[in-house]
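Participant: The structure's right below; bear with me while I get my questions together.
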Amino acid sequence: MVSEDQTPSGVAGRYAIALFELAKKERALDQVASDLDRFGQALAASNDLTRLVKSPVFSAKEQARALEAVLDTLKIGRLTKNFLLLVARNRRLFAVPAMISAFRAMLARERGETSASVTAAAKLTETQVTALRQALQAALGKEVLLEERVDPALLGGLVVKVGSRMIDTSLRTRLNSLKIAMKEVG
């Protein structure tokens, strides 16, 4: 995740900056953000789409053709669709998840918000999300956009990331710490 005071770098950062500036110029930031969120959700939900995006086996032409069908099905807007097809033609689809994250971070900075990622062992309830968001807003003094993830391997607790800061209260980490402490004693 890109922290709020850094400019994204690398391939994903350059593409995200270009898309952000174009969307801002066309006054389409919200539309592009919505499109990217839908595409990101589809990417997370479909193993086939993930394979298409990450596999070097497919040619740029094959990727673009398949991606165009997916984008039409998702009803992705013109600007975002053209951007993703350009990324496919340039053989950079593997970097799309990082591009989406960088775009989200730039949008949050533009709006005076900060983005945070929370990983929990199970899906958080709406009450828990609201309480976490309010606690983070009180601590940071900014509006907070939460990106939620589920990782059953945590067993319990949360891992919260804001920029380069991470708070890990997961049961897995606590058990590992206890295991290390037990080895040192015995």
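The values are calculated or read from the model by the stated rules, or taken from the named source; none is laboratory data. Note that the structure is a prediction, hence the values are computed from the model and not measured. Backbone-built Cβ (ideal geometry, glycine too); neighbour counts: all protein chains shown.
Participant: Would you mind telling me which numbered condition in (1) modelled with pLDDT under 90; (2) on the phi > 0 side of the Ramachandran plot E147 fails?
Facilitator: (2)
Residues checked against (1) surrounded by 14 or more Cβ atoms within 10 Å (Cβ to Cβ); (2) polar (S, T, N, Q):
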| residue | (1), (2) |
| --- | --- |
| A116 | yes, no |
| A121 | yes, no |
| L124 | yes, no |
| T127 | no, yes |
| T130 | no, yes |
| L136 | yes, no |
| V150 | no, no |
| V162 | yes, no |
| M166 | no, no |
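Participant: Shifting gears a bit: Output the residues belonging to segment 143-186 that are touching a residue at least 40 places away in the same chain (Cβ under 8 Å) and under 24 Å from I100 (Cβ atoms).
Facilitator: We begin by selecting, within segment 143-186, every residue touching a residue at least 40 places away in the same chain (Cβ under 8 Å); these are 145, 147, 158-164, 170-171.
Within segment 143-186, L145, E147, L158, V159, V160, K161, V162, G163, S164 meet the criteria.
Participant: Identify all residues within segment 42-76 that are surrounded by fewer than 17 Cβ atoms within 10 Å (Cβ to Cβ) and not in a helix (DSSP H, G or I); write none if there are none.
Facilitator: Residues satisfying the conditions are S46, S55, P56, V57, S59, L74, K75.
Conditions (1) more than 19 Å from the chain's Cα centre (by Cα); (2) modelled with pLDDT of 90 or more; (3) farther than 22 Å from A28 by Cα; (4) not β-branched (V, I, T), marked per residue:
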{"position": "R51", "(1), (2), (3), (4)": "no, yes, yes, yes"}
{"position": "P56", "(1), (2), (3), (4)": "yes, no, yes, yes"}
{"position": "G77", "(1), (2), (3), (4)": "yes, yes, no, yes"}
{"position": "F83", "(1), (2), (3), (4)": "no, yes, no, yes"}
{"position": "V87", "(1), (2), (3), (4)": "no, yes, no, no"}
{"position": "G112", "(1), (2), (3), (4)": "no, no, no, yes"}
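Participant: How about segment 81-179: which strands (runs of 3 or more DSSP E) wholly inside it have at least 2 residues that are of a type in the set (D, E, K, R)?
Facilitator: 143-150, 165-168
Participant: Oh, and also: Would you check which residues across segment 102-123 are farther than 16 Å from L140 by Cβ and touching a residue at least 40 places away in the same chain (Cβ under 8 Å) and list them?
Facilitator: Result: A102, F103, R104, M106, L107, E110, T119, A121.
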